[in-house]
Structure formats: C-alpha cells, structure tokens
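Notes for the one structure printed next.
The numbers here are math on the coordinates, done by the rules we state, and not lab data. As the structure is a computational prediction, the values presented were derived from the model and not from experiment. Here the Cβ is made from the backbone with ideal geometry for all residues, glycine too, and neighbour counts use every protein chain on show.
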Amino acid sequence: MGLPWDFVLRDERVGRAPLREPVNARTEPTRDVDDPVPHAPTASERYTRGRQLLDIVDDGSAARFVEAHGDLGREIVEFVFGGIYSRPGLSLRDRELITVAMLAAIRGSEPELKFHMSAALNVGLTIEELQEVVIQVAPYAGFPAAINAMRLLRSVEASPERTRSTSGQ
C-alpha cells in the first residue's frame, strides 16, 4: 500500500484534482479496512511530504529554502506544504491560484507573491490565467494592489529562468 498522500503527488504534477471516490455525501476520504483509525502523519512525514511538494512547485528548491531559512524554513515546509498543500480536495494548481490571489491582496508580500506566481506557472497555470487573477483582485483589494501584482507578473514572465523554460532550451 502506498502512502495516503501518494495520489496527490501523482495527479497534481499534471494540474488535475486528485482522483478519489468519496465514501459518502460528506466526501470523507476512504480508509483501509486494515487501518480503521486514520493515521495522523508525524512531523517527519509532513516534512518529507512538504519537501516533495515544494520541489514540484519550485523545481527542486526545497533543500535551498530550508538551508536559507533554517528552523523557520523547516517549519514552513512542514506546515504549509506538508500539511495544508497536501490536503485532498483541491489540486496543487488550484491552491497556487488561490495563493496568488490572496498574496496579491496583501501589501508587503511581494517576494512571496513572486515566488507563488512562478510556482503557479510550474504547476500548469498560464500567464493569461494569472493576469485574470490579478484583474479579479482589483475590485476587492484596490487598484494599487492589482497594479503591483501585475508588475510582479511581468517580471516573472520576463525572468531568464522563465524565458529558458518556455523557449525549450
């Protein structure tokens, strides 16, 4: 039997929602008959799962991120990517779309917004879809927030890493 979150990594690499049949109308996840009590992942399991997901969204940067941020980086990887991002119910693509919208609305989060815009492109969103997200932010967070987000999106689009990956080099 694979790990309970294997389905997330397989399906979300291509930007699709996890394929899993619900047990009842409340869409509770299925459980193994041999394991009637759900297993809560340990911190180590969440960290491992978080590193795998971070490597997917940012092309293998998990180790560099943790190294640069020490214990704080480990906590972020474990909680955000190993706990929240790995939950069933939303694809990785959808989670990044939501994250971009929220960060675009929060002033002072430009480095994180830039990271997540790039991550969103890595998991299947397009520049055009991200432009629509930024436009959707304007009436709710204000035009200054949307303008700042659009500037960041343009810089992500023009970045040398993005240019290399879209030109097939």
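Summary table
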{"quantity": "Label-point gap, in nm, between Glu67 and Ala158 - each point 7 angstrom along Cα→Cβ", "calculated": "3.0 nm"}
{"quantity": "Relative contact order of the stretch 91-169, defined on C-alpha pairs under 8 angstrom at six or more residues apart (%)", "calculated": "32 percent"}
{"quantity": "Relative contact order [Cα under 8 Å, 6+ residues apart], the stretch 41-123, whole percent", "calculated": "33 percent"}
{"quantity": "Calculated FRET efficiency for the pair Glu110/Ala43, C-beta based, R₀ 22 Å, to 0.05", "calculated": "0.15"}
{"quantity": "Extension reserve of the Ile76-Tyr140 stretch, reckoned as 0.36 nm per residue once the Cα distance is removed", "calculated": "20.3 nm"}
